[in-house]
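Notes to accompany the following structure.
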Amino acid sequence: QVQLVESGGGLVQPGGSLGLSCAASGSMFDINAMAWYRQAPGKERALVAVIFRDGSTNYADSVRGRFAISRDNAKNTVYLQMNSLKPEDTAVYYCYMTRNDGVNYWGKGTLVTVSS
């Protein structure tokens, strides 16, 4: 079993920056990718950024150039640095992990609010 715990959410003004962390614990073998998703009020959960086992990354068009995903394998932690935040980035951000055997895990989420 794997546990994912997000931290770093909060209130930030438009144009500001915020960093999220996701600490993973438990059975960490055979990880294929880790990612951040978000769900805004009234909308479906959507992929924000993903980092694969080989270190390659991909981003949603809406955040490309503003957000950066990274990981620290020694700490079993994945990060999301968010810059130039916009009100439309307001959402609950979820950490996600997928293994090569198809098993997936979700964190409980952390709220990011972008507002003046």
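The values are calculated or read from the model by the stated rules, or taken from the named source; none is laboratory data. Every value quoted in this text rests on a predicted model; they were computed, and no experiment measured them. Backbone-built Cβ (ideal geometry, glycine too); neighbour counts: all protein chains shown. Calculation scope for accessible area: heavy atoms of the full protein, side chains included, ligands and nucleic acids excluded. Shrake-Rupley method; radii C 1.70, N 1.55, O 1.52, S 1.80 Å.
Return the total of residues in the stretch 1-42 being within 17 Å of the chain's Cα centre (by Cα) and either closer than 19 Å to ARG99 by Cα or among the basic types (Lys, Arg) (or both).
Number satisfying all stated conditions: 17.
Taking the options SER21, SER27, name whichever one is in contact with a Phe, Trp or Tyr (Cβ under 9 Å, 6 or more places away or on another chain), in contact (Cβ under 8 Å) with a residue 12 or more places away in the chain and closer than 20 Å to LEU4 by Cα.
Testing whether each residue is in contact with a Phe, Trp or Tyr (Cβ under 9 Å, 6 or more places away or on another chain), in contact (Cβ under 8 Å) with a residue 12 or more places away in the chain and closer than 20 Å to LEU4 by Cα leaves just SER21.
ASP72: among the acidic types (Asp, Glu) and farther than 20 Å from VAL5 by Cβ, yes or no?
Here the answer is no, as ASP72 does not meet what is asked.
Kindly indicate whether VAL78 is buried (at least 20 other Cβ atoms within 10 Å of the Cβ) and at negative phi.
Yes: the conditions hold for VAL78.
State which residue is modelled with the lowest pLDDT when the search covers only the stretch 25-59 and only residues that are within 14 Å of CYS95 (Cα to Cα) and loosely packed, with under 14 Cβ neighbours inside 10 Å.
Ranking the candidates gives SER25 first.
Restricting attention to the stretch 26-39, which residues are aliphatic (A, V, I, L, M) and closer than 19 Å to ASN83 by Cβ?
Hit for the stretch 26-39 is ALA35, nothing else.
State whether one or more residues within the stretch 60-71 are of a type in the set (Gly, Ala, Ser), surrounded by 15 or more Cβ atoms within 10 Å (Cβ to Cβ) and within 15 Å of the chain's Cα centre (by Cα).
yes
Select from the stretch 81-109 the residues that are open to solvent by 20 Å² or more (accessible area, probe 1.4 Å) and in contact with a Gly (Cβ under 9 Å, 6 or more places away or on another chain) and list them in ascending order.
Listed by number, the residues that qualify are GLN81, ASN83, SER84, LYS86, VAL92, TYR94, TYR96, TYR105, GLY109.
Among the numbered criteria (1) outside any strand (DSSP E or B); (2) at pLDDT below 95, which one does SER62 miss?
Every condition holds for SER62 apart from (2).
Could you check ASP61 against (1) farther than 18 Å from LEU11 by Cβ; (2) in contact with an Asp or Glu (Cβ under 6 Å, 6 or more places away or on another chain) and say which number it fails?
(2)
So which residues in the stretch 91-116 are farther than 15 Å from GLY26 by Cβ and either among the basic types (Lys, Arg) or more than 13 Å from the chain's Cα centre (by Cα) (or both), if there are any at all?
Once the filter is applied, which keeps residues that are farther than 15 Å from GLY26 by Cβ and either among the basic types (Lys, Arg) or more than 13 Å from the chain's Cα centre (by Cα) (or both), the stretch 91-116 yields ASN100, GLY102, THR113, VAL114, SER115, SER116.
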